[in-house]
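Asks: Starting off with a structure, shown below.
The values are calculated or read from the model by the stated rules, or taken from the named source; none is laboratory data. What you see is a predicted model; the values in this text were computed from it and never measured. Counting neighbours? That spans all protein chains shown, and the Cβs are built from the backbone with ideal geometry, glycine included. Keep in mind that these areas ignore ligands, DNA and RNA; they rest on the heavy atoms of the full protein, side chains included. Shrake-Rupley method; radii C 1.70, N 1.55, O 1.52, S 1.80 Å.
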Amino acid sequence: LMEVIPGLVNITRYGNVRKTDAELVLGIVNSMITRICISLPAACTGIDEDAAMHLFDLFFKMNDAVNLLQQIEITQLWKQTLSSVAGGKNSSPVIAGYATRLLADHKLIAGDELVKTFYYAMSAATAPGIAAAWLEGFLKGSGTLLLLDNDIWGIINEWVKQLDEEVFTQLLPLLRRTFSNFSQAE
């Protein structure tokens, strides 16, 4: 369902050449988004890395579609779903990190609460591969956050410094993939 939402939202917002009734499509979109939000937290648990990366891309498009739709009820439902995914103990780490980033973008997590979430995700008790995947999800789309938030920069810096050389070498490709998606200036 997440794959078709962006196209349908564009029809409701901008119309199409077939003069499709936007109100009819809007009703369908609202129903589909509700179904997505109900089933998405469960769909983010117990999945392999390939499925997580596919779902990760769909999250990006779905968030843009919900923002374009500009309906308060749908936006609230989406934020609740993001909170559920980000707080889920068994959610895929890359998706949980991205959901946390979206919550931060929506100003639902900020300041000390965001730092506390980061400490939990990047703690020594968390397996380094899981922490690196969570970090990749959180930094998706922009590294400017690292430049603007010294607390988060400090947490990431301390996490990297405490890694053993062998673990760091294992995580380097994942970290390189995370940071290679930043713009030249970042």
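Asks: Would the stretch 129-148 turn up any residue that is of a type outside the set (V, I, T), over 25 Å from M53 (Cβ atoms) and out of contact with any strand residue (DSSP E or B) (no Cβ under 8 Å at 6 or more places or on another chain)? I'd like the intermediate steps shown before the answer.
Replies: Just the residues of the stretch 129-148 that are of a type outside the set (V, I, T), to begin with: 129, 131-143, 145-148.
From the residues that got through so far, the ones that are over 25 Å from M53 (Cβ atoms) too are 147-148.
So of that shortlist, the ones also out of contact with any strand residue (DSSP E or B) (no Cβ under 8 Å at 6 or more places or on another chain) come out as 147-148.
For the stretch 129-148, residues of a type outside the set (V, I, T), over 25 Å from M53 (Cβ atoms) and out of contact with any strand residue (DSSP E or B) (no Cβ under 8 Å at 6 or more places or on another chain): present.
Asks: Which ones in the stretch 88-100 are modelled with pLDDT under 90 and out of contact with any Ser or Thr (no Cβ under 8 Å at 6 or more places or on another chain)?
Replies: Correct list: K89 only.
Asks: Right, L103: of a type in the set (A, V, I, L, M, F, W, C) and at pLDDT 90 or above or not? Give the derivation first.
Replies: Values: of a type in the set (A, V, I, L, M, F, W, C): yes; at pLDDT 90 or above: yes.
Spelling it out, L103 is indeed of a type in the set (A, V, I, L, M, F, W, C) and at pLDDT 90 or above.
Asks: Using the structure shown, decide if W153 is under 27 Å from C44 (Cβ atoms) and modelled with pLDDT of 80 or more.
Replies: Numbers: under 27 Å from C44 (Cβ atoms): no; modelled with pLDDT of 80 or more: yes.
It is false that W153 is under 27 Å from C44 (Cβ atoms) and modelled with pLDDT of 80 or more.
Asks: Output the residues belonging to the stretch 58-91 that are open to solvent by less than 10 Å² (accessible area, probe 1.4 Å) and among the small types (G, A, S).
Replies: A65
Asks: I'm checking my understanding of the structure. Among residues of the stretch 157-186 that are polar (S, T, N, Q) and part of a helix (DSSP H, G or I), which one is surrounded by the fewest Cβ atoms within 10 Å (Cβ to Cβ)?
Replies: Narrowing the stretch 157-186 to residues polar (S, T, N, Q): 157, 162, 169-170, 178, 180-181, 183-184.
Filter once more, so that each one left must be part of a helix (DSSP H, G or I): 157, 162, 169-170, 178, 180.
On the way: N157: 12, Q162: 12, T169: 10, Q170: 14, T178: 21, S180: 7.
Looking at residues that are polar (S, T, N, Q) and part of a helix (DSSP H, G or I), I get S180.
Asks: Restricting to the stretch 1-45, give me the number of residues that are in contact (Cβ under 8 Å) with a residue 60 or more places away in the chain and open to solvent by 80 Å² or more (accessible area, probe 1.4 Å).
Replies: 0
Asks: State which residue is surrounded by the fewest Cβ atoms within 10 Å (Cβ to Cβ) when the search covers only the stretch 126-156 and only residues that are over 18 Å from the mean Cα position of the chain (by Cα) and not in a helix (DSSP H, G or I).
Replies: The qualifying residue surrounded by the fewest Cβ atoms within 10 Å (Cβ to Cβ) is A127.
Asks: Does any residue of the stretch 135-147 turn out to be among the hydrophobic types (A, V, I, L, M, F, W, C) and closer than 19 Å to P41 by Cβ? Can you show your working first?
Replies: Going residue by residue through the stretch 135-147, those that are among the hydrophobic types (A, V, I, L, M, F, W, C) are 135, 138-139, 145-147.
Cutting the leftovers down to closer than 19 Å to P41 by Cβ gives us 138.
Scanning the stretch 135-147, I find at least one residue that is among the hydrophobic types (A, V, I, L, M, F, W, C) and closer than 19 Å to P41 by Cβ, so the answer is yes.
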